[in-house]
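Take a look at the structure below.
The values are calculated or read from the model by the stated rules, or taken from the named source; none is laboratory data. Bear in mind the structure is a predicted one, so any value in this text is a computation, not a measurement. No Cβ is skipped: glycine too gets one built from the backbone with ideal geometry, and neighbour counts run over all protein chains shown.
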Amino acid sequence: MTLLKIGPWHNNTASSWLVKFSFFWLFSQNCCGASAVWTAFMNISFHVGNRVLSELGETGVFGRSSALKRVTGVIVPPEGKTQNACNPSTSFSRSQNSEPWLALIERGGCTFTQKIKVATEKGASGVIIYNFPGTGNQVFPMSHQAFEDTIVVMIGNLKGTEILHLIQKGFHVTAIVAVGRKHIIWMNHYFVSFMIVTTATLAYFIFYHIRRLWVARIQHRRWQRLTTDLKKAFGQLQLRVLKEGDEELNPNGDSCVVCFEPYKPNDTIRILTCKHFFHKNCIDPWILAHGTCPMCKCDILKALGIHVDIEDGTESLQVLMSNEIPETLSPRDEETNHEPPPARTSEKVTHVEEYPASPNNASQPNLVLETVHPSP
């Protein structure tokens with residue numbers, strides 16, 4: 001329930017589009033409508049000897065279905081220790097004259113409607129309900145059944161118990177209840193809950209999308225720099241087109257260790273920083289995937305001044321460079337272009353022996369494959 005402290009009312013205007021949107025959405029869904037609340041001016045007076053003491057203040061608030069009119073009467077609490085007037089047999093100790101009286105009832109124990117019904121059946125012109133203990137002078141507009149010509153007012157616990165103690169001490173306390181000021185209540189507890197959930201949700205999504213855009217922008221800039229660096233780096237590696245008579249085309253010459261195909265005339269080879277050479281379309285995807293020479297494990301990208309974070313991923317580099325450098329093939333394309341012929345079932349490959357590299361040819365691999373002998 002929305003607690004209302006009696007005092008100056010300040011209309012707070014929504015200062016952001018989020019609040020305005022929430023208002024319009026709620027009104028369109030008819031889940032929360034504006035309601036009017038009227039405060040109550042109460043002039044409480046009692047006799048002390050030959051003097052009459054009185055107190056005037058805007059100390060109460062009318063119930064939502066209460067009659068709005070001025071009423072005067074003696075304040076009368078229920079008899080006995082229980083002051084909630086929930087029992088239909090509750091009695092009120094009042095004078096036998098026809099003077100109007102107002103029932104002073106404690107909140108709790110049953111519904112507001114039941115309390116009001118008990119008091120009106122006993123002849124009360126109005127019902128004053130004071131709040132729970134510990135709530136100070138906080139009040140709120142009560143929801144109850146409408147009773148014709150019966151005013152229903154809530155006052156704070158401190159004020160209610162003060163009046164009750166005066167009556168218990170034998171003072172004749174009267175009250176004049178008048179209609180006070182009108183206030184428009186735009187929010188109830190459903191609206192407050194909706195506002196909290198909506199604001200938190202929108203704030204989360206706004207933060208999430210801003211962070212995504214920020215990360216994507218940084219990532220895009222980093223990829224742009226990396227693309228430029230990779231283009232320059234690959235441009236530093238020497239390319240050669242093999243021709244008839246080149247040493248690499250000798251029958252006893254080496255073959256590309258990536259695709260295991262022998263070099264042929266018009267093949268384009270790339271020479272790495274470690275002086276090893278391979279088919280260009282074989283070694284470019286290999287470097288993007290592994291970063292090292294497949295023979296000596298030399299870090300080619302590092303030697304070219306390229307530092308790639310592990311989190312970037314090798315596949316991202318390959319996609320990046322395949323989009324930026326059309327002649328750079330992916331490993332899948334390379335397998336298609338340099339797929340070795342299928343081996344016959346009658347062919348056998350003998351064991352592989354390992355020999356130490358000679359000092360004069362340190363750049364050559366240490367593995368020597370024996371000749372393939374087809375079976376007759």
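Values computed for the structure shown
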item: All positions within region 95-118 that are free of Cβ contacts under 8 Å to residues at least 60 places away in the same chain and within 18 Å of L68 (Cα to Cα); result: P100, W101, A103, F112, T113, I116, K117
item: Hits in region 119-161 (condition: under 13 Å from V76 (Cα atoms) and in a helix (DSSP H, G or I)); result: A119, T120, G160, T161
item: Enumeration of residues in region 123-167 that are among the hydroxyl-bearing types (S, T, Y) and in contact with a Lys or Arg (Cβ under 8 Å, 6 or more places away or on another chain); result: Y130, S143
item: Residue within region 85-93 that is farther than 13 Å from A124 by Cα, assigned by TED's automatic domain parsing to the domain that holds F147 and touching a Ser or Thr at 6+ places or on another chain (Cβ under 9 Å) present; result: yes
item: Matching entry among R240, R270 (being more than 26 Å from R222 (Cα to Cα), touching a strand residue (DSSP E or B) at 6+ places or on another chain (Cβ under 8 Å), of a type in the set (D, E, K, R) and surrounded by fewer than 16 Cβ atoms within 10 Å (Cβ to Cβ)); result: R240
item: Residue match in region 169-188 (condition: of a type in the set (S, T, N, Q), assigned to a strand (DSSP E or B) and surrounded by fewer than 21 Cβ atoms within 10 Å (Cβ to Cβ)); result: yes
item: Spans of strands (runs of 3 or more DSSP E) in region 218-299 with at least 2 residues modelled with pLDDT of 85 or more and not hydrophobic (A, V, I, L, M, F, W, C); result: 268-271
item: Among the residues listed as T150, T135, the single one being β-branched (V, I, T), over 41 Å from the mean Cα position of the chain (by Cα) and at pLDDT below 95; result: T150
